[in-house]
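What follows is a short report on a single structure.
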Amino acid sequence: MKIFATSDQHFTHKNIIKYAKRPFELTEDGIKECIETIVNKHNEIVSDNDLVFYVGDLDCGKYQSKELLTQLLNNMNGHKVFIRGNHDRYETEFYQTLFTKVYEDYVIHGNTMICHYPLYGSKWCTDLEKQYIGEIPKNISTIIHGHCHNNDPKDWDSDGFERVNVCVDFQPNDFYPVDITNLINL
């Protein structure tokens, strides 16, 4: 079994193509191609036996659909764990029908913390993120996150944490989930 993490699919969010500079057209066909790319790349490397942390922002935009989100996730391989992001607006009970486990904030495994936010004290830090920063246990050395799309946390001033950006838009990820097997002690 491998362990993966991924985030910020923003399924059905047409403008994410523009905001995140995704290589798809700003059309209905472009949205469909973007969705198909994310699902296909996911299934290319994730098996049914693998564990996948979805680190927030599954959907967004005016075309949100519980039916489509259910269909997409049912077609994606792996045992699924969900950590809510700032655009995940459905009720927790709905997410519980799609995922093995649902977290409202973050998950800690050994010295690794998994959260939608990068937990980096910048000027863009939200109040919720500031709260989570205040809750980081002293033994944490690695933070697995999404939220900041194309930003490379290695470019930020060091605050002592190793950060792994699992956003599908982060260029090295190329829409694939990130293998975090070596970072998680289950």
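The values are calculated or read from the model by the stated rules, or taken from the named source; none is laboratory data. Since the model is a prediction, treat every value here as computed from it, not as a measurement. Reconstructed Cβ throughout: ideal geometry from the backbone, glycine too, with neighbour counts over all protein chains shown. Surface accessibility is based on the protein's heavy atoms, side chains included, excluding ligands, DNA and RNA. Shrake-Rupley method; radii C 1.70, N 1.55, O 1.52, S 1.80 Å.
Give the ranking of L98, L183 by solvent-accessible surface, highest area first, calculated with a 1.4 Å probe.
Greatest to least solvent exposure: L183, L98.
Quick one: Kirkwood hydrodynamic radius for the range 17-162, alpha-carbon pairs, angstrom, one decimal?
So the Kirkwood estimate lands at 16.7 Å.
Could you list the trypsin sites (Lys or Arg not before Pro) in the range 1-64 that lie in coil according to DSSP, counting only those with at most 14 other Cβ atoms within 10 Å of their Cβ?
Those that pass, being in a loop and sparsely packed, are K21, K62.
Leaving out ligands, DNA and RNA, and with a 1.4 Å probe, what % of the accessible surface on the chain is carbon or sulfur?
Working: 4350 of 9300 Å².
Result for the chain: 47 percent of the exposed heavy-atom area is carbon or sulfur.
Considering only DSSP states other than H, G, I, E and B, which trypsin sites (Lys or Arg not before Pro) in the range 64-128 qualify as loop sites with at most 14 other Cβ atoms within 10 Å?
In loop regions of the range 64-128 (DSSP not H, G, I, E or B), the sparsely surrounded trypsin sites (Lys or Arg not before Pro) are R89, K123.
When only Cα pairs under 8 Å and 6 or more residues apart are kept, what is the percent relative contact order across the range 76-128?
Worked out over the range 76-128, it gives 33 percent.
Calculate how steeply helix 28-45 sits against the longest principal axis of the alpha-carbon atoms of the chain, using the helix alpha-carbon long axis, and give the answer as 0 to 90 degrees to the nearest 10.
Taking the Cα atoms of the chain, the angle to 28-45 is about 60 degrees.
Where Lys and Arg each count +1 and Asp and Glu each count -1, what net charge lies around I45 among other residues with Cβ under 13 Å from its Cβ? Don't skip to the end; give the middle numbers.
Numbers: positive: K2, K41; negative: E44, D48, D50, D174, D179.
Computed value for this residue: -3.
So what does V164 come to for accessible area, using a 1.4 Å probe and Å² rounded to 10?
That residue has around 30 Å² of solvent-accessible surface.
With every protein chain left in place and a probe of 1.4 Å, what is the accessible surface of E25, to the nearest 10 Å²?
Rounded to the nearest 10, that gives 120 Å².
Please give me the summed charge of the neighbours of N165: other residues whose Cβ is under 12 Å from its Cβ, Lys and Arg +1, Asp and Glu -1.
-3
Find how many whole Å separate the alpha carbon centroid of the range 6-64 from the alpha carbon centroid of the range 113-186.
Spelled out, the Cα-based centre of one part sits 19 Å from the other.
Please state the shape class of the range 16-57: rounded when a/c is under 1.5, otherwise prolate if a/b exceeds b/c and oblate if not, all from the C-alpha gyration tensor.
Judged from the Cα gyration tensor, the range 16-57 comes out prolate (a/c at least 1.5, a/b above b/c).
Could you work out how much longer the chain between R89 and D127 gets when fully extended? Use 0.36 nm per residue separation minus the Cα distance between them, nm to one decimal.
On the way: separation 38, 0.36 × 38 = 13.68 nm, distance 1.78 nm.
The R89-D127 span can extend by a further 11.9 nm.
In a shell of Cβ-Cβ distance under 9 Å around I143, excluding I143 itself, what net charge do Lys and Arg (+1) and Asp and Glu (-1) give?
Overall, the nearby charge balance is 0.
Only Cα pairs under 8 Å and at least 6 apart count here; give the relative contact order of the chain as a rounded whole percent.
Relative contact order, the chain: 27 percent.
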